[in-house]
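One structure, pasted below without further comment.
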Amino acid sequence: MYKPVANKILVDVLVKSGLLSAQEADHYVQSAKQEHKNLNSYLIRNGILNDREIIAALSKVLNLPVLDLKEKEIPQAVIDRVPVKFASFYKFMPIAIEGNKLTLAISSPLDVRMEDDIRVHLGFEPHEVLALRSDIDEALKKYYGLASDTIDRILTKDPNKRKFDGNQETWVEDIEKKSDDPSVAKLVNQIILEAYQKRATDIHIEPYRDKMRLRYRIDGILMDANLPPEARHFLLPMVSRIKIMSNLSITEKRLPQDGSTVVRTKDQDLDLRISTMPALRGESMVIRILPTKSMRTRLEDLGLNEQNAHKFRELIKASHGIIFVTGPTGSGKTTTLYACLHALNSDDQKIITIEDPIEYEMEGITQIQISPKLNFSFAEGLRSILRHDPDIIMVGEVRDLDTAEIAIRTALTGHLVFSTLHTNDAASGITRLIDMGVEPYLVASSVEAFVAQRLVRLICPQCKEEDTKIPDTVAQEMSRSLGIPLSQVRVYNGRGCETCNKTGYYGRTAIYEILHMDEFIRAMLTSKPSTEYVKHAAMKNGMATLRQNGWQCVAAGVTTVSEVLYVTSKDDWSVLPSEILTAPAGNRVL
């Protein structure tokens with residue numbers, strides 16, 4: 001919104017401070033006027049000046065104090081007395097109320113109209129302090145709730161509006177496009193954009209009695225998105241809007257549905273995978289966010305240590321055989337497989353994948369989506385793939401005996417196959433295949449390795465500090481596992497700051513357990529050994545377990561003790577058979 005009086009004050013300040021010349025200021029004022037923006041917004045949006053430079057100039061010339069809103073706790077009584085429509089429209093954050101004086105944080109000079117509106121409609125005398133514009137935006141979300149201004153304006157525009165108008169859109173939605181028209185579409189866009197900016201991988205929309213819950217999964221942990229209570233009125237329109245975006249039926253509310261769509265931000269396009277499920281009080285919806293540019297497709301970016309990275313590169317050099325990546329849902333298995341394919345992708349290799357769903361598009365690779373509704377399964381797809389003369393095949397998941405046998409026979413005919421299994425560790429992959437009905441000799445002759453992995457959160461680099469309170473049992477286990485004296489055991493954690501949203505963590509990495517199928521383990525399979533027997537045989541031969549890899553990350557200051565304890569189980573050497581313990585490596589017998 002163009003504000004001539006406020007712009008004039010800002011021009012005087014910037015010229016006096018030497019940040020702009022008079023001619024430059026006049027030019028920018030005219031440009032801002034043409035775009036219907038105030039000068040402050042125009043300068044920041046176009047990279048001419050940054051927020052801190054403008055605030056510093058205003059503080060110096062107007063003799064106003066600068067407040068760090070991130071460190072300021074604002075009483076709820078203040079929020080209750082200043083409507084969100086005022087704070088959001090005029091872009092200020094109320095700080096304190098003393099008598100009839102309202103202290104508010106601003107990022108650009110107040111104009112006369114704004115001061116008069118505060119006096120007339122709120123009954124307060126405004127008293128200004130300065131704060132960064134980005135901090136004001138975050139404070140508005142924190143104290144009033146996400147998209148509270150949009151919700152308030154929709155209710156004000158039509159208090160009885162409860163039904164979505166069904167406006168279908170088939171193009172890619174630009175969720176950062178500025179719009180002054182309050183609508184459910186804008187509300188949905190704000191929610192998706194906020195989730196992306198906070199690095200969320202999933203958005204959870206959950207209906208309950210008389211309320212609606214919105215949560216984001218950030219670094220694997222669900223966090224409340226702080227929607228205002230009035231948002232419950234828009235649950236049905238929001239779900240309908242998202243269904244229309246993803247080509248789902250808005251009339252079907254009794255059965256689960258899955259769909260997808262693409263939205264656009266300034267940085268990149270986002271692939272959204274939408275899943276709905278009928279619940280007691282309405283439809284529950286989960287939106288998976290897949291940024292197209294930020295995927296880690298290089299082996300170096302996966303968090304592999306030097307030893308595991310070397311093992312990985314040796315494994316994927318194989319001309320044939322199967323490599324299984326194991327772990328629970330959400331442990332990053334598909335990302336690891338994509339990284340392997342990225343490393344192998346070249347003009348002289350034909351690579352085909354069969355997935356459900358295709359999570360990321362990769363250039364130079366043929367990717368196939370299965371369709372259970374059309375009876376096009378992994379097994380059917382594999383049979384067709386072999387007619388296309390592939391060198392390397394990726395099967396999204398081995399779920400049944402039919403798929404497992406076809407994948408194994410494909411590997412035996414000279415193809416390199418990658419796939420995933422849902423197991424707790426690497427050794428469990430062997431027993432999982434045998435339990436499916438695969439003959440042990442086929443597992444022994446076709447599988448090159450089982451790679452188990454888990455995701456652990458990274459310590460925030462901005463608030464990382466040494467943790468001096470190490471439990472004795474943890475210190476002793478780390479000492480044994482890493483082969484270092486107790487006195488050298490060091491662990492770290494995150495204190496919690498604004499960068500990491502007070503969690504102490506920022507981002508995630510993977511820890512691995514690589515079980516290479518050597519001759520000894522292949523020979524063991526004829527007797528259908530237990531998982532513990534296989535695991536400890538591999539440990540005797542030098543396999544680093546998930547727990548050991550986790551302790552290495554803790555010692556390196558990458559993650560915390562609690563993360564490793566949460567995602568791994570203790571390595572129990574007491575059940576290791578005596579013949580494996582005593583037999584020298586390379587000379588072991590059953």
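The values are calculated or read from the model by the stated rules, or taken from the named source; none is laboratory data. Please read all numbers here as calculations on a predicted model, not as lab measurements. Here the Cβ positions follow ideal geometry from the backbone for every residue, glycine too, while neighbour counts run over all protein chains shown. Areas reflect the complete protein model, heavy atoms only, side chains present, ligands, DNA and RNA absent. Shrake-Rupley method; radii C 1.70, N 1.55, O 1.52, S 1.80 Å.
Out of all the residues in region 55-84, which are more than 26 Å from Tyr144 (Cα to Cα) and of a type in the set (A, V, I, L, M, F, W, C)? I'd like the intermediate steps shown before the answer.
Applying the first criterion (more than 26 Å from Tyr144 (Cα to Cα)) to region 55-84 yields 56-63.
Answer for region 55-84, where residues must be more than 26 Å from Tyr144 (Cα to Cα) and of a type in the set (A, V, I, L, M, F, W, C): Ala56, Ala57, Leu58, Val61, Leu62.
Restricting to region 428-442, name every residue that is over 29 Å from the mean Cα position of the chain (by Cα) and crowded, with 23+ Cβ neighbours inside 10 Å.
Ile430, Leu433
I'd like the residue in region 247-261 that is farther than 15 Å from Ser284 by Cβ and part of a loop (DSSP other than H, G, I, E, B) and, out of all such residues, is nearest to the chain's Cα centre (by Cα).
Asn247
Something else: Residues being within 37 Å of the chain's Cα centre (by Cα), under 24 Å from Lys8 (Cβ atoms) and not in a strand (DSSP E or B): count how many of those fall in region 115-142.
The total comes to 4.
Would you confirm, using the coordinates I've provided, whether Ser331 is over 26 Å from Leu248 (Cα atoms) and within 24 Å of the chain's Cα centre (by Cα)?
Numbers: over 26 Å from Leu248 (Cα atoms): yes; within 24 Å of the chain's Cα centre (by Cα): yes.
When the stated conditions are applied, Ser331 passes them.
If I ask for residues that are out of contact with any Leu (no Cβ under 9 Å at 6 or more places or on another chain), closer than 21 Å to Leu302 by Cα and hydroxyl-bearing (Ser, Thr, Tyr), which ones from region 512-561 would you list?
Scanning region 512-561 gives Thr545, Thr560.
Let me ask something additional. Only one residue in Asp68, Asp111 is at pLDDT 80 or above and surrounded by fewer than 20 Cβ atoms within 10 Å (Cβ to Cβ). Which one?
Details: Asp111 fails: at pLDDT 80 or above.
None of the other options fit; the residue is Asp68.
Determine which member of the set Lys540, Lys469, Lys535, Lys464 is open to solvent by 50 Å² or more (accessible area, probe 1.4 Å), touching a helix residue (DSSP H, G or I) at 6+ places or on another chain (Cβ under 9 Å) and not aliphatic (A, V, I, L, M).
Values: Lys469 fails: touching a helix residue (DSSP H, G or I) at 6+ places or on another chain (Cβ under 9 Å); Lys535 fails: open to solvent by 50 Å² or more (accessible area, probe 1.4 Å); Lys464 fails: touching a helix residue (DSSP H, G or I) at 6+ places or on another chain (Cβ under 9 Å).
Matching residue, one of Lys540, Lys469, Lys535, Lys464: Lys540.
Go through region 213-235 residue by residue and tally those that are of a type in the set (A, V, I, L, M, F, W, C) and at pLDDT below 90.
5
Something else: Which one of the conditions (1) on the phi < 0 side of the Ramachandran plot; (2) touching a strand residue (DSSP E or B) at 6+ places or on another chain (Cβ under 8 Å); (3) without any contact (Cβ under 8 Å) to a residue 60 or more places away in the chain does Glu35 fail to meet, given that it meets all the rest?
Going through (1) on the phi < 0 side of the Ramachandran plot; (2) touching a strand residue (DSSP E or B) at 6+ places or on another chain (Cβ under 8 Å); (3) without any contact (Cβ under 8 Å) to a residue 60 or more places away in the chain one by one, Glu35 breaks only (2).
Can you give me the ranges of the helices (runs of 4 or more DSSP H) entirely in region 291-407 with at least 2 residues that are under 28 Å from Arg217 (Cβ atoms)?
306-315, 333-344
Here is a further query. Could you please give the count of residues in region 526-567 that are farther than 11 Å from Ser481 by Cβ, part of a loop (DSSP other than H, G, I, E, B) and modelled with pLDDT of 90 or more?
Final tally of qualifying residues: 5.
Related question: Using the structure shown, decide if Val11 is under 22 Å from His127 (Cβ atoms) and in contact (Cβ under 8 Å) with a residue 12 or more places away in the chain.
Here the answer is no, as Val11 does not meet what is asked.
Moving to a separate point now. Only one of (1) of a type in the set (A, V, I, L, M); (2) open to solvent by 10 Å² or more (accessible area, probe 1.4 Å); (3) under 28 Å from Gly496 (Cβ atoms) fails for Leu104. Which number is that?
(2)
Could we say that Leu416 is touching a helix residue (DSSP H, G or I) at 6+ places or on another chain (Cβ under 9 Å) and open to solvent by 40 Å² or more (accessible area, probe 1.4 Å) here?
Values: touching a helix residue (DSSP H, G or I) at 6+ places or on another chain (Cβ under 9 Å): yes; open to solvent by 40 Å² or more (accessible area, probe 1.4 Å): no.
No: the conditions fail for Leu416.
Restricting to region 451-475, what's the tally of residues that are in a strand (DSSP E or B), of a type in the set (D, E, K, R) and within 25 Å of Met539 (Cβ to Cβ)?
Here is the first cut: in region 451-475, the residues in a strand (DSSP E or B) are 451-459, 464-466.
From the residues that got through so far, the ones that are of a type in the set (D, E, K, R) too are 454, 457, 464-466.
Pick out the ones that are also within 25 Å of Met539 (Cβ to Cβ) and you get 454.
The qualifying residues number 1.
Pairs please, first residue from region 276-294 and modelled with pLDDT of 90 or more, second anywhere and of a type in the set (Gly, Ala, Ser), Cβ atoms under 6 Å, 6+ apart in sequence or on different chains.
Met277/Ser284; Val286/Ser275
Here is a list of conditions, (1) of a type in the set (Lys, Arg); (2) loosely packed, with under 14 Cβ neighbours inside 10 Å; (3) over 15 Å from Ile136 (Cβ atoms), and Arg52 meets all of them except one; can you say which number that is?
Failing condition for Arg52: (3).
Taking the conditions exactly as written (modelled with pLDDT under 90 and within 21 Å of Leu193 (Cα to Cα)), does Ser260 satisfy them or not?
So Ser260 passes the test.
Sticking with this structure for a sec: Answer with yes or no whether Glu448 is open to solvent by 10 Å² or more (accessible area, probe 1.4 Å), part of a strand (DSSP E or B), closer than 21 Å to Ile514 by Cα and not aliphatic (A, V, I, L, M).
Against the criterion (open to solvent by 10 Å² or more (accessible area, probe 1.4 Å), part of a strand (DSSP E or B), closer than 21 Å to Ile514 by Cα and not aliphatic (A, V, I, L, M)), Glu448 qualifies.
Which ones in region 491-525 are touching a strand residue (DSSP E or B) at 6+ places or on another chain (Cβ under 6 Å), open to solvent by less than 50 Å² (accessible area, probe 1.4 Å) and outside any strand (DSSP E or B)?
Result: Cys500, Gly504, Met517.
Answer yes if at least one residue in region 283-297 is within 19 Å of the chain's Cα centre (by Cα), within 30 Å of Thr545 (Cα to Cα) and open to solvent by 70 Å² or more (accessible area, probe 1.4 Å), and no otherwise.
yes
Could you list, in sequence order, the residues of region 14-32 that are in contact (Cβ under 8 Å) with a residue 24 or more places away in the chain and part of a helix (DSSP H, G or I)?
Those that are in contact (Cβ under 8 Å) with a residue 24 or more places away in the chain and part of a helix (DSSP H, G or I): Leu14, Lys16, Ser17, Ala32.
In addition: Quick one: which residue in Leu401, Leu386 is within 22 Å of Ile365 (Cα to Cα) and either of a type in the set (Gly, Ala, Ser) or without any contact (Cβ under 8 Å) to a residue 40 or more places away in the chain (or both)?
Result of the check over Leu401, Leu386: Leu386.
Here is a follow-up. Could you list, in sequence order, the residues of region 241-258 that are open to solvent by less than 20 Å² (accessible area, probe 1.4 Å) and not hydrophobic (A, V, I, L, M, F, W, C)?
Arg241, Lys243, Ser246
Here's a check for you: in region 197-225, which residue that is part of a loop (DSSP other than H, G, I, E, B) and farther than 24 Å from Leu290 by Cβ is most open to solvent (accessible area, probe 1.4 Å)?
Arg209
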